[in-house]
Amino acid sequence: MPTRTAYRTCPLCEACCGLEITLRREPDGTEQVTRIRGDRDDVASHGFLCPKGTTLGKLHDDPDRLRRPLVRRDGVHVEVSWDEAWQVVADGLHGVQARHGTGAVGVYLGNPTAHNVSSMAYTAPFVRSLRTRQVYSASTVDQRPKEIAASLMFGAFSVPLPDVDRSDLLVCLGANPFDSNGSFATAADWPGRIEALVERGGRFVVIDPRRTKTAEAATEWLPIRPGTDAMLLAAIVHVLVDRQLVTLGRADGYVEGLDELAAAVAPFTPHAVAPHTGIDAATIEQLAADLAATPAAAVYGRIGTTTQAFGTVASWLVDVVNILAGNLDRPGGVMFAKPATGSPNTRGTAGTGRGAKLSERTSRVRALPETFGELPAATLADEITTAGEGAVRALITVAGNPVLSLPNSNKLDAALGELEFMISVDIYLNETTRHADVILPAPSALQKPHYDIALMQLALRNTANWSEAVLPLDDGQLDEWEILGRIALIAQGASAAADPAEFDEAAYGALAAKLDEHDREAIAASGRTGPARIVDAMLRTGPYDLTLDDLVEHPHGVDLGELQPRMPEVLRTPTGKIDLAPEVLVADLGRAAASLALAPERVDATQFLLIGRRDLRSNNSWMHNIPVLVKGRPRCTLQLHPEDAAALGLTDGAPAEVRSRVGSITAPVELFEGITPGVACLPHGWGHSKPGTRTRVAAEHAGVNTNVLTDDEHLEPITGTAVLSGIPVTITRAR
Ligand SMILES: Nc1nc2c(c(=O)[nH]1)N[C@H]1C(S)=C(S)[C@@H](COP(=O)(O)OP(=O)(O)OC[C@H]3O[C@@H](n4cnc5c(=O)[nH]c(N)nc54)[C@H](O)[C@@H]3O)O[C@H]1N2
Ligand SMILES: Nc1nc2c(c(=O)[nH]1)N[C@H]1C(S)=C(S)[C@@H](COP(=O)(O)OP(=O)(O)OC[C@H]3O[C@@H](n4cnc5c(=O)[nH]c(N)nc54)[C@H](O)[C@@H]3O)O[C@H]1N2
Ligand code: SF4
Ligand SMILES: [Mo]
């Protein structure tokens, strides 16, 4: 049988690996994926891939993956035609809008939307079309603190990225890139990069309550008490200031607020924070001194530092340490990406801008902060169940599984049952979409084109890579952007038969206004529509001389080179300076200072702080229906230090009951001496035992949902991001 090779970027995680996909033509004319391996010629990933990337063919072929729309009739989801499904969408949406106003329709955008050109090219017009303030996404159970801290400091969304490949000292807090493949630092093959760093004599310091795979590859592992990174970082800043180790390097002349900052960190002496963090004062002093003395050093913080009580402060202080140690914008320190499709720090006037301000708007029920036009996902359930003007009566989920991913998930699960109407755009009938009145199946990853509009803003090397769809759409199926487009038009009053092309024209029109005559004509002549046309326009208005045709000619991607210094043109603050001491962050650091006096104490052996973990073969909640990714020993285990387990009379494999303020679960114990005593660890994304789902493989490897334990009232105050790490729990033997 004839075969063909196609190239495509993997959309599953931030590593953005290039894949080489072999397809065989079948007698019936269709094509079958026979092999997926790393594309050795990919300009960014050079052949690297992880076990998940090889399964895109299996995901495509998964018999449980939805291919036709489902509508719920008498409590059971049944397959219907697309026409019928769209009629249900129109009747349902128009009904809720007529009864309660457009503001009663909420939307939740899940993680895969950030890895999907169909959604990234149209998120803004899609959300605008709904005319609602009830907008939620996975960002507020993830990285929002980092985005807000960086925006306040640099004036626009600009995240300094650790220049791993040229660094001599890399300090990594709250990240486990050997399992997660990296996040807010887009690069494939972290193990290879870290090995190279260590081989060239560099140091790799991992600060994590758990000895992760990443920590095992480190030259030093510093176990930290969960939730105390802000204190540790404040102490490092304290040492830099106190011992006059501050050297601003390329930030010299472009900072303000150093005095306010110095005053704010004054209480955080290494001695004061040591009993809180569990890291002794001498080690903190030495780390600060080493960061200042090493020419190319970088501090990198990820989800362990953002989903915690002081997440925005910790995110801010990561960048502050890098700036004060002279490591901002220097090779081997932290640098800014320059993505080909542009970003907030490549648009507007170089070096200055309006700056970022926190919104005054808050959520209706709990007055929680709105950030970037979104409300904290942790309060979605409240907004559904609390009646009144503006309550959520209908919900649209796009590529999200909030029933497994949001805190106090049993409460959300119940709340979804109270909705008058729900639409899910998804590929599975799962824990969340089982509540939907209508599920509109998105095509599989292989049926969609790809470009990483979002992740290239975080890439450790500037590259650009367009992937054509590998396989055609099924008969009558719509592409994902067409599904979103039609929902948007219906939300604006159109009928069930609305033409998504109209939505595309409007979205492109807004971009076309920024194109010059020549580019506009070239795009028109190409005949492209949809995401391809949007990406072409973004490339043409971006910082490089690139068009989509250039990328189409280079299926392994176009290399735009290593990160280059961008100070001060990258700044978008009104003063043209980096704000080292944004008021709201200084105030929240005061909250941390207030808690310094109270040294933490563990009252008895049943008390633990619960943290999470990721596994190379998982992807949040939704890759558990692929047999090769779930086979072997069960992975949803409660890791405990052997001494802690012994004190509770728990042995390896024994069931333990874990109880928090909001819920309880029972999970099998796994003894692990690499976990800090007093800390317990349970992964998220499991708990596939709800009735009414259709993920048969996942159901056989159900596990339990850790978000039954996380607390929807325990939020970081500046961004409303959920605290998912360091949850106080009680652990006992299960009866
Ligand atoms: N306790 C705890 N909770 C956590 C975390 C944690 O560390 N600990 N991590 C948090 C983080 S970082 C995140 S990002 C969130 C994730 O939270 P969510 O985004 O809510 O959850 P996912 O598990 O990513 O669910 C993705 C959904 O998209 C569907 N899907 C997959 N591909 C496609 C596609 O191409 N199109 C469409 N339309 N649908 C698709 C899947 O079937 C699934 O339903 O979870 C958060 N929750
Ligand atoms: N295989 C796989 N890859 C993934 C995902 C997945 O589910 N599976 N999810 C993707 C998503 S959505 C994201 S956002 C990224 C996240 O990518 P990472 O940020 O690398 O996420 P984790 O692997 O959860 O690593 C977080 C680490 O923080 C530690 N930690 C917990 N609490 C604290 C604390 O208070 N302080 C410190 N210093 N450390 C702490 C944990 O022990 C853990 O090792 O991964 C992405 N990649
Ligand atoms: S690391 Fe794995 S999941 Fe992530 S992009 Fe690469 S192949 Fe895909
Ligand atoms: Mo995430």
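The values are calculated or read from the model by the stated rules, or taken from the named source; none is laboratory data. Predicted, not measured: the structure shown is a model, and the values here were computed from it. Here Cβ is always computed from backbone atoms with ideal geometry, including for glycine, and neighbour counts include all displayed protein chains.
At a glance:
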| quantity | calculated |
| --- | --- |
| Enumeration of residues in segment 639-657 that are assigned to a loop (DSSP other than H, G, I, E, B), without any contact (Cβ under 8 Å) to a residue 60 or more places away in the chain and surrounded by 19 or more Cβ atoms within 10 Å (Cβ to Cβ) | 641 |
| Output for segment 366-398, where each listed residue is under 24 Å from the mean Cα position of the chain (by Cα) and of a type in the set (S, T, N, Q) | 371, 379, 397 |
| Test for residue 154: is it of a type outside the set (Ser, Thr, Tyr), buried (at least 23 other Cβ atoms within 10 Å of the Cβ) and within 16 Å of ligand 3 (Cβ to nearest atom) | no |
| Among the candidates 613, 617, residue that is within 30 Å of residue 694 (Cβ to Cβ) and in contact with a strand residue (DSSP E or B) (Cβ under 9 Å, 6 or more places away or on another chain) | 613 |
| Subset of segment 181-206 that is assigned to a loop (DSSP other than H, G, I, E, B) and away from ligand 2 (no atom under 16 Å from the Cβ) - its residue that is surrounded by the most Cβ atoms within 10 Å (Cβ to Cβ) | 202 |
| Wholly enclosed helices (runs of 4 or more DSSP H) of segment 47-130 bearing at least 3 residues within 16 Å of ligand 3 (Cβ to nearest atom) | 56-61 |
| Within segment 373-492, strands (runs of 3 or more DSSP E) holding 2 or more residues that are touching a Gly at 6+ places or on another chain (Cβ under 8 Å) | 394-398, 421-426, 461-464 |
| Inter-residue pairs, beta-carbon under 9 Å, first under 30 Å from residue 465 (Cα atoms) and surrounded by 24 or more Cβ atoms within 10 Å (Cβ to Cβ) and in segment 102-118, second of a type in the set (Lys, Arg) and at pLDDT 95 or above, 6+ apart | 116/448; 117/448; 118/448 |
| Index of the failed condition, residue 37 passing every other in (1) in a loop (DSSP other than H, G, I, E, B); (2) modelled with pLDDT of 95 or more; (3) surrounded by fewer than 21 Cβ atoms within 10 Å (Cβ to Cβ) | (1) |
| Failed criterion for residue 511 (all others in (1) modelled with pLDDT under 95; (2) in contact with a helix residue (DSSP H, G or I) (Cβ under 6 Å, 6 or more places away or on another chain); (3) outside any helix (DSSP H, G or I) hold) | (3) |
| For residue 20: the one exception among (1) outside any strand (DSSP E or B); (2) of a type in the set (Asp, Glu); (3) closer than 23 Å to residue 557 by Cα | (1) |
| Residue list for segment 37-59, filter: within 16 Å of ligand 1 (Cβ to nearest atom) and either over 23 Å from the mean Cα position of the chain (by Cα) or without any contact (Cβ under 8 Å) to a residue 40 or more places away in the chain (or both) | 57, 58 |
| Which listed residue, of 83, 142, is modelled with pLDDT of 95 or more and either within 16 Å of ligand 2 (Cβ to nearest atom) or in contact with a Phe, Trp or Tyr (Cβ under 7 Å, 6 or more places away or on another chain) (or both) | 142 |
| Of residues in segment 403-422 being of a type in the set (A, V, I, L, M) and within 11 Å of ligand 1 (Cβ to nearest atom), the one farthest from residue 691 (Cα to Cα) | 406 |
| Top-ranked residue of segment 584-617 - restricted to ones that are part of a strand (DSSP E or B) and within 14 Å of residue 227 (Cα to Cα), ranked as farthest from ligand 4 (Cβ to nearest atom) | 608 |
| Residue match in segment 292-302 (condition: within 16 Å of ligand 3 (Cβ to nearest atom) and buried (at least 23 other Cβ atoms within 10 Å of the Cβ)) | yes |
| One residue from 219, 269 being free of Cβ contacts under 8 Å to residues at least 24 places away in the same chain, surrounded by fewer than 19 Cβ atoms within 10 Å (Cβ to Cβ) and under 27 Å from residue 609 (Cα atoms) | 219 |
| Looking only at segment 445-481, and only at residues there that are buried (at least 22 other Cβ atoms within 10 Å of the Cβ) and of a type in the set (Gly, Ala, Ser), the one that is nearest to residue 691 (Cα to Cα) | 445 |
| Residues of segment 414-444 satisfying the condition of being closer than 15 Å to residue 482 by Cα and either within 16 Å of ligand 2 (Cβ to nearest atom) or touching a Ser or Thr at 6+ places or on another chain (Cβ under 6 Å) (or both) | 424, 426, 439 |
| Selection status of residue 260, over 25 Å from residue 610 (Cα atoms), touching a residue at least 60 places away in the same chain (Cβ under 8 Å) and surrounded by fewer than 17 Cβ atoms within 10 Å (Cβ to Cβ) | yes |
| Selection count where residues are outside any strand (DSSP E or B) and surrounded by fewer than 18 Cβ atoms within 10 Å (Cβ to Cβ), scope segment 558-567 | 2 |
| Out of 257, 202, 227, sole residue that is at positive phi, away from ligand 1 (no atom under 16 Å from the Cβ) and at pLDDT 95 or above | 257 |
| Only one of 102, 113 that is away from ligand 2 (no atom under 16 Å from the Cβ), polar (S, T, N, Q) and on the phi < 0 side of the Ramachandran plot | 102 |
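For every residue, the table says whether it meets (1) within 16 Å of ligand 2 (Cβ to nearest atom); (2) within 29 Å of the chain's Cα centre (by Cα); (3) in contact (Cβ under 8 Å) with a residue 40 or more places away in the chain; (4) surrounded by 13 or more Cβ atoms within 10 Å (Cβ to Cβ).
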| position | (1), (2), (3), (4) |
| --- | --- |
| 571 | no, yes, yes, yes |
| 580 | no, yes, yes, yes |
| 608 | yes, yes, yes, yes |
| 659 | no, yes, yes, yes |
| 668 | no, yes, no, yes |
